[in-house]
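Contents: one structure, followed by commentary.
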Amino acid sequence: MRISNLKSERGLTLIELLVASVIAAILGAVLVIAVSTVYRASSAVTNQQIAVKQVQNAVDYISRDASQAQTTTQNYTDGSAVLSFTIPVSNDGSTFTNESVTYQVINGTLTRTIGTISSNISTNILSGGFVVHASVAPYYVSITSTVNGYRLGIASRVVLLEP
């Protein structure tokens with residue numbers, strides 16, 4: 001009588017537990033892959049936006065100075081382009097003096113120097129990513145920025161400077 005009572009009680013067999021575990025593992029793997037894909041796509045878009053903003057910032061500064069330039073020179077120092085403008089600068093709003101503005105990439109950062117004051121304009125500039133194409137005005141300047149992360153974001157822009 002005891003044996004018949006055990007057969008009437010239904011429970012989970014070992015095979016049923018294994019099948020349920022495999023199904024749960026497959027669903028978990030699909031969920032991990034979906035989350036990973038969304039993260040990678042988001043990272044790529046973010047890095048691309050950062051790279052585009054870096055290049056746009058550099059182009060804005062250089063274009064503004066080029067439009068005010070009285071003289072322009074360019075050369076290469078240690079394989080890196082150096083672009084210099086002479087622009088009128090006012091310290092008091094009424095008196096203007098001519099100052100030299102120099103752009104150069106140093107350790108991946110585009111630096112703008114006026115006199116003795118330097119400021120970082122854009123970071124993540126590729127080695128060789130700041131190139132001046134022409135020996136005399138008008139200049140074509142190309143700037144390329146790359147942002148490394150889980151995904152690479154790259155932006156590049158060529159601008160015509162006519163001082």
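Which of 94, 145, 84 comes first, and how do the rest follow, when ranked by fewest Cβ neighbours within 10 Å?
94, 84, 145
Given 5 Å bins starting at zero, what is the percent of C-alpha pairs of the range 33-106 in each, up to the one with the largest pair distance?
3, 13, 15, 15, 14, 10, 9, 7, 6, 4, 3, 1, 0
Please identify every one of the GluC sites (Glu not before Pro) in the range 1-101 that sits in a loop by DSSP and has no more than 11 other beta carbons within 10 Å of its own beta carbon.
Answer in residue order: 9.
For the residues 17, 110, what sequence is obtained by ranking on other C-beta atoms within 10 Å, fewest first?
Ascending Cβ contact count within 10 Å gives the list 17, 110.
Readers should treat all values here as calculations from the given coordinates under stated rules, not as data from a laboratory. On a predicted model such as this, the values are computed, not experimentally measured, just so you know. Cβ sites come from the backbone with ideal geometry, for glycine too, and all protein chains shown count toward neighbours.
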